[in-house]
Amino acid sequence: MIRTNGKRLVIKAVQGVISNPKVPLRNPFIVSNQGQPFVLPATGGISYNVLVGDSVFDFEGDHIEPCVIITREEKAVDQNILGGLNVLSCIGNEAFVVSGPETGSKGMVTGKHGGVEHVLIDFPNGVLERLAIGDRIQVRAYGQGLQLLDFPQIHVMNISPGLLERMGITQNKGQLVVPVTHVIPSSILGSGYGSRHSYSGDIDIQIPDKDAVQRYGLQKLRIGDVIAIRDLDARYGRVIRNGAMSIGVIVHASCLVSGHGPGVTMIMSTTEKSIMPKIEDDANIGRYLSIGRWRKKPAYRRRTKK
């Protein structure tokens, strides 16, 4: 059992609306890292056929986000309230539809996407089919401030205590043993480095180098996979630091644009040798939360005549 301060955490309501897909009207072209122009779906909206558990390379698109994508509703002038939805929402939080025909239906936060300030939410297929652009979704935001009481040197962020408990994390010789699908170096990361904090958004894995894709097994990468990144310090922004280790979740599919690729939302980071990654092929939040491609289909009920 990993001891935490979970019972002390505050549960806050934050709310957003299902966004429209983002496509510039005057210039819809995306220019790839090979210099080729494409017109393709990108961020935002409702993705009916893209779910947690799908390969990051399966779709003709750019930065494609799984399932339902929400963004803040208000156009606030006060900068102090702009970050509530993206910063406070954590992977594994419950989300509830609060407008439209699916009012009361429950989903689950699966990630956060930077730049566009999106929060990504999984819903059962029956709910998904009846949701509409503009429907309001309220998240029970719970997880920021989470601490590992026996590992104070590990910074934890963007993850609900409930998901943390389901990840099969153990302790061994003073280290936290974390199941992951991949271990990659910080040198192949791209967009997302710099002064911006790790409590919102993501950082992308660059994929133009085909040798690196094969070397690190990235061709098998799925949305929802938990991965380890060597020499990445994500505590106060994202920087390369020798000996650091960070753990993240793949939150969106791959990209065509230079410097971009599958997005990773951080959930742990340390500069000490406190995290030991353990390779497990099924270390995916979909399996831990029974969502996405791991969601059990409801049993068929034959209607009986009265």
Dividing the alpha-carbon radius of gyration of the stretch 1-74 by 2.2 N^0.38 Å, where N counts its residues, gives 1.56
Can you compute 3J(HN,Hα) from phi for each residue in the stretch 45-55, using the Karplus curve 6.51 cos²θ - 1.76 cosθ + 1.60 with θ = phi - 60°, rounded to whole Hz and x for Gly and Pro? x, 10, 9, 5, 10, 10, 9, 4, x, 6, 4
Highest mean first, what order results for 7-19, 255-267, 46-58, 105-117 on Cβ atoms within 10 Å? 255-267, 105-117, 46-58, 7-19
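Apply 1/(1 + (r/R0)^6) to the Cβ-Cβ distance of Lys106 and Gln153, taking R0 = 25 Å, and write down the FRET efficiency to the nearest 0.05.
That pair, Lys106 with Gln153, gives E of 0.10.
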Residue by residue through the stretch 252-259, the couplings from Karplus 6.51 cos²θ - 1.76 cosθ + 1.60 with θ = phi - 60°, in Hz, x for Gly and Pro, are 9, 6, 6, 9, 9, 6, 4, x
Computed E for Glu165/Ile11 - FRET, C-beta separation, R0 22 angstrom, nearest 0.05: 0.85
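Computed FRET efficiency, Cβ-Cβ of Met1 and Ser99, R0 35 Å: what is it to the nearest 0.05?
In this case the efficiency is close to 0.30.
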How far apart, in nanometres, would the label points at Asn172 and Arg215 be if each is projected 7 angstrom from Cα along the Cα-to-Cβ direction? 2.6
For the stretch 1-47 and the stretch 106-123, what is the centre-to-centre distance using only Cα atoms, to the nearest Å? 7
Tell me, in nm to one decimal, what length is gained between Met276 and Tyr48 on full extension, where the rule is 0.36 nm per residue of separation less the Cα-Cα distance? 78.5 nm
Rounded to whole angstroms and listed largest first, the alpha-carbon spread of the stretch 1-136 along its three principal axes comes to 51, 37, 37
Which order results if Asp62, Asp282, Asp233 are arranged by neighbouring Cβ count within 10 Å, fewest first? Asp282, Asp62, Asp233
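Computed from the coordinates by the stated procedures, all read-outs in this text should not be read as laboratory data. Quantities reported herein were computed from a predicted structural model and do not represent experimental measurements. Methodologically, a virtual Cβ is constructed for each residue, glycine included, from the backbone with ideal geometry; neighbour enumeration extends over all protein chains shown.
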